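A quick write-up on the structure given underneath.
The values are calculated or read from the model by the stated rules, or taken from the named source; none is laboratory data. All values reported here derive from a predicted model rather than from experimental measurement. Using ideal geometry, Cβ is built from the backbone for each residue, glycine included, and neighbour counts are taken over all protein chains shown.
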Amino acid sequence: MSGATKQQRPGPEEQPEAGPADDPRAALLIRYIGAFAPVVIESAEGSWLRTKSGRRILDFASGQICSTLGHRNARIVDALREALDTVIHLDSKMLSEPVLQLAARLAKSLPETLNRSIFVSTGAEANEVALKLAKTYTGKFEVVGVARSFHGVAGGVASYTFLPARRGYGPLLPGAHAIPAPYAYRCPIRHCANACDMTCLETGFEQVDQASVGSLAAFIVEPVLSSGGVIVPPDGYLRRAKELCDERDMLLIVDESQTGLGRLGSVYGFEHDDVVPDIVVLSKTLGGGVPLAATVTTAAIEQRCAAQGFSHVTSHVSDPLPAAAGLAVLDHVEEDKLHERAAALGHYLMTALTALRQKHDCVGDVRGRGLLIGVEFVESQESLAPAYGMAAQVAALCLERGLSVHAIPTGKRAHCLRIAPPLTISRKDIDVAIETLDRSIGDVLRGWA
C-alpha cells in the first residue's frame, strides 16, 4: 500500500442522507473543524444518536468524550430539572448549594490534600486556571508539556498543546517546553521498541534543563495522551514525573479532562501510578455532556495564590446548573462503580480490537486503558509506515454505516482511531461496533492505493 488516494464509494443502501451541506442555515456558522459531519442529529439517548431522517448511529466517541454516562442520562436530566426549578446562574461572587456540595464531594473523592476547587466551563479554561495557579504560586513562568498532548486551544494553554491545533495564529507564550512523548510504538528518540523505559522522560527533562532560563513553574501531562493517538505511558511514568518536578521545585499538573472519573478503569488516571499531583484538571467527564470543568489543588497552593491576589472571574464561574450535573455524575460513577465496569468492558473491547489487528494487515497497533483505546493504521505490519489518511476514511465509512468514531489527530491525514464509548455501553453494542469496524476497515483496505 502507498498513499491515500482512492475514495470509498458507499453502496446504494449507504448513500449519505441530507446533512448540513444541504441546509442553507449551515452556511451561517463559522467552520471551526473543517467540514461538518454529513448528518444532522435530532435526538440522542444512551449510546445512540438519531438523525433527522430517523437513522440510528452508535456513538462510540461519547460525543466529544463528554457524554461519559451516555446521552441524556436519567440522573443528570433529573438533576438539571431540579436546578432549573431553583437557580441556574448567579453573580460570580455568590455561592449556591450545588457548588458547595460539589466542592465537598470532589474533596472526598480525591486524595486528602486535593481539597480546593474552582468550577468553570471547559477543560481549556480549567487548564488556564491551573497554569495561572502554578505561575502565581511558584513565582516562575516556564511550563513543560509532552509532545502530542492536547490541553485546549485557548490562547494561553495552546502553548502547551503540541498538535496541529496550535498552528497558524502567531506567537504563543514564552517559556513553553516540550519533552518527547512516551510513544513506545514509534519511539521519538529511537531508543525503545514497543516498551517505553521512560528514557524519553529523563532525557526530556535534561534537555529542558539546558533550554530553561531558570524559571520552571510546572509540568502538565495527561495520564493517557488521548488526542495525540491514545499513547499510554508506562507504569510509574507519573510517579517519576513527580520526582523530577520536586527536584526542580516545579508543580505537577495532571490534566484528567479526557481520562478522569472512570474512563481508564480507575476513578482517576493518576491513581494508576499511586501519585498525588499538585493540581488536577477535570472537565469533559465531569459534566456528563453539560459544560463543566474543575481545577483542584491543595490548601497551601490556594492560600498563597489568594494572598497574592489570584483572580479568575468569568461569566459562568461557580454556576449552579452545571454543578448539579457534576454531582449526578459523581454519584453515578461511585455508586455504580463505573470505573470497574470500564475496566471489564475495556478488556472485552481490547480483545475484539486485537482480533481485528490479526485479521487486517493495516492495523499496526491497538493500545489503551479501560474504555479509551487507540487503533493505529499502517501501510503494512511489516513496514510499519503510517497509513496517513486511512483512519479518516475508515471513520467516514463507519459513520455512513451507523457508527461514530474519532479519527485522530483531527484532519484528512489522520492515521489513528480513538475509541471512547460511554461507560454505560453494553456488550451487545460493542459487538455491533466491532462488526462495523471490521467491515469498514476491510473495504478501505481493498481500495487503498
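Okay, here's what the table says:
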| quantity | calculated |
| --- | --- |
| Which listed residue, of Val77, Val146, is surrounded by 22 or more Cβ atoms within 10 Å (Cβ to Cβ) and either modelled with pLDDT of 95 or more or under 28 Å from Gly370 (Cβ atoms) (or both) | Val146 |
| Meets criteria (polar (S, T, N, Q) and over 29 Å from Phe377 (Cβ atoms)) for Thr297 | yes |
| Scope region 48-68; condition closer than 20 Å to Ala342 by Cβ and either of a type in the set (S, T, N, Q) or assigned by TED's automatic domain parsing to the domain that holds Ala323 (or both); matching residues | Ser62, Gln64, Ser67, Thr68 |
| Inter-residue pairs, beta-carbon under 9 Å, first farther than 26 Å from Val375 by Cβ and in region 199-227, second of a type in the set (S, T, N, Q) and assigned to a loop (DSSP other than H, G, I, E, B), 6+ apart | Ile220/Ser149 |
| Single unsatisfied condition, Ile425 versus (1) surrounded by 21 or more Cβ atoms within 10 Å (Cβ to Cβ); (2) among the aliphatic types (A, V, I, L, M); (3) in a helix (DSSP H, G or I) | (3) |
| Enumerated helices (runs of 4 or more DSSP H) restricted to region 31-112, each holding at least 2 residues that are on the phi > 0 side of the Ramachandran plot | 62-65 |
| Set Thr410, Thr351, Thr436: member being without any contact (Cβ under 8 Å) to a residue 24 or more places away in the chain and assigned by TED's automatic domain parsing to the domain that holds Gly63 | Thr351 |
| Per-region count, region 190-226, residues modelled with pLDDT of 95 or more and outside any strand (DSSP E or B) | 24 |
